[in-house]
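J.: Here it is, the structure in full.
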Amino acid sequence: MKERSIEQINEKIKKGTVKVVTVEEMKDIVKDSGLEKAYQIVDVVTTATFGAMCSSGVFLNFGHSDPPIKMTKIWLNDVPAYSGIAAVDAYLGATELSEKEKFEYGGANVIEELIRGKNIKLKAISHGTDCYPRKELETWININEINQAIMINPRNSYQKYNAATNTSNETVYTYMGKLLPNMGNITYCGGGELSPLNNDPEYETIGLGTRIFLGGDQGYIIGSGTQHSPKTGFGNLMVKGNLKKMKPEFIKAAKVNGYGVTLYVGIGVPIPILNIGIARNTSVLDQDIYTNLIDYGVKKRAKTILKKVSYAELKSGYVELNGKRIKSSSISSIYMARQISNLLKIWIENGKFFLTTPIERLNRDGEIKNLEIVNRYFDYPDYTKAEIIGNSKIKWDNSKCINCGYCTSLCSYDVFQMDENHRIIFNPDNCTTCGNCKDICPLKAIVLGD
């Protein structure tokens, strides 16, 4: 059957003739009318997920104060943010905990409150420099006053996720929620047949540059997520969006008892039905999607797979294991995933959302590795063998030099000059030991004698 292109589908969106269905509607069409008929009539299928996505966060730029400050430590409502980026930039991670209200409040709460337009207390300290003399700053900010608030989530929208239970005699508290002793319950997350990557497992339409629904606004996939493991069926996404345009109903902070804070993120991905193979993939059912049931009651979870369990069984409310019928419940929201899928459908039908062709497909061969903890002495490179040129007055380590030329403007005696190829010419005999070049090389390639 003739294939379509994304350009052809976008033309239909412009004309208002595009046929969009949610992923659940697509499965019904395939069931009732067959795969070929579904392919003939459907242009786009909308998929979605809404769940706790700990690996989330936001880049913030606060703007410069007067006098300016180079923020070396930053707190937002007493939650530490990473400041090793630039003078007034920070990255706030969703699971970072408040220093005053640990396990009760964290980065996820700050992110949601920013979206809601609330004022956030900003505190920063610095060691002070000539160009950034201020050493302390304390003020209030909100999302409308700061320059940028860019959500970049390293690991979101898992294709599927391990289900969890607990075989020990004690209750355990995990990021999968409270697990009762002696396999008293099972928790799971992910939407199964609703989830984006389960409906495009070969990543034919999902990749770098794919436009998506993110937190109530349009966002983008910017690559494979960390711990992306397509070989085992556990792929995931790295995503980006503008926090200033997001909606609080689709970005929600949460507290998981005994674990800490996390962030519920709503993601919707449109899948253009370019060929009958993609149409077939979007008809996948929960009964055909399996994940691992893991025992979280032991420390070495990697080797404690109790059962391969389908999403159909998980969603039924009970799982059979070793002759025992165990209650199962989701920590993701199927209801919200349906809301997102429907909203994305409306956006496309109304010409408010156009599809993009991925610049690059997601990696399909990756498999994550576990960290191996070993006691080992490492052999470090011997930098003393580098060629060091000079005399008793000055020495130059050409293995460290990047030929930036910074030193040439500080030396009045042409010890350092640039040739026509922008490489350093070193003339040690010209050195008078004036001291202008002492400690100025960013790479420590210059050593001035005593």
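Residues checked against (1) at pLDDT 95 or above; (2) buried (at least 17 other Cβ atoms within 10 Å of the Cβ); (3) more than 24 Å from MET53 (Cα to Cα):
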residue	(1), (2), (3)
THR282	yes, yes, no
ARG325	yes, no, yes
SER329	yes, no, no
ILE340	yes, yes, no
ASP365	no, no, no
VAL374	no, no, yes
ASP379	no, no, yes
GLU387	no, no, yes
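J.: Please go through region 98-126 and pick out each residue that is out of contact with any Phe, Trp or Tyr (no Cβ under 8 Å at 6 or more places or on another chain), at pLDDT 95 or above and not β-branched (Val, Ile, Thr).
T.: TYR105, GLY106, GLY107, ALA108, ASN109, GLU112, GLU113, LEU114, ARG116, GLY117, LYS118
J.: How many residues, within region 47-106, are among the β-branched types (Val, Ile, Thr) and touching a helix residue (DSSP H, G or I) at 6+ places or on another chain (Cβ under 6 Å)? Break it down into steps so the answer makes sense when it comes.
T.: Our first condition is that a residue be among the β-branched types (Val, Ile, Thr); within region 47-106, this holds for 47, 49, 58, 69, 72, 74, 79, 85, 88, 95.
This time we only want the ones that are touching a helix residue (DSSP H, G or I) at 6+ places or on another chain (Cβ under 6 Å), so: 47, 49, 58, 79.
So the answer is 4.
J.: Something else: Only one of (1) touching a Leu at 6+ places or on another chain (Cβ under 7 Å); (2) not assigned by TED's automatic domain parsing to the domain that holds GLN227 is not met by ALA86, so which one is it?
T.: (1)
J.: I've got another one for you. Six or more apart or on different chains, Cβ under 6 Å: which pairs go from a residue in region 12-36 that's within 19 Å of SER283 (Cα to Cα) to one that's outside any helix (DSSP H, G or I) and among the charged types (D, E, K, R)? Could you list them?
T.: Final answer for the pair search is LYS19/ASP43.
J.: When region 195-204 is examined, which residues are found to be touching a strand residue (DSSP E or B) at 6+ places or on another chain (Cβ under 6 Å) and either outside any loop (DSSP other than H, G, I, E, B) or polar (S, T, N, Q) (or both)?
T.: Our first condition is that a residue be touching a strand residue (DSSP E or B) at 6+ places or on another chain (Cβ under 6 Å); within region 195-204, this holds for 195-196, 199-200, 203.
Passing the criteria: SER195, PRO196, ASN199.
J.: Have a look at GLN227, GLN218 and point out the one that is on the phi > 0 side of the Ramachandran plot, surrounded by fewer than 24 Cβ atoms within 10 Å (Cβ to Cβ) and outside any helix (DSSP H, G or I).
T.: Numbers: GLN218 fails: on the phi > 0 side of the Ramachandran plot.
One residue alone meets the criteria, GLN227.
J.: Wholly within region 89-194, which strands (runs of 3 or more DSSP E) include no fewer than the required count, namely at least 3 residues that are more than 23 Å from PRO67 (Cβ to Cβ)? Full working, then the answer.
T.: On the way: elements: 89-93, 120-125, 136-141, 148-156, 163-165, 172-174, 177-179, 186-188.
Where strands (runs of 3 or more DSSP E) fall fully within region 89-194 and carry at least 3 residues being more than 23 Å from PRO67 (Cβ to Cβ), they are 89-93, 148-156, 163-165, 172-174, 177-179, 186-188.
J.: Is it fair to say PHE250 is farther than 22 Å from ARG338 by Cβ and surrounded by 20 or more Cβ atoms within 10 Å (Cβ to Cβ)? Explain how you work it out, then say what you get.
T.: Values: farther than 22 Å from ARG338 by Cβ: no; surrounded by 20 or more Cβ atoms within 10 Å (Cβ to Cβ): yes.
When the stated conditions are applied, PHE250 does not pass them.
The values are calculated or read from the model by the stated rules, or taken from the named source; none is laboratory data. Just so it is clear, the model here is predicted, and its values are computed rather than measured. Cβ coordinates were reconstructed from backbone atoms using ideal geometry, including for glycine residues, and neighbour counts include every protein chain displayed.
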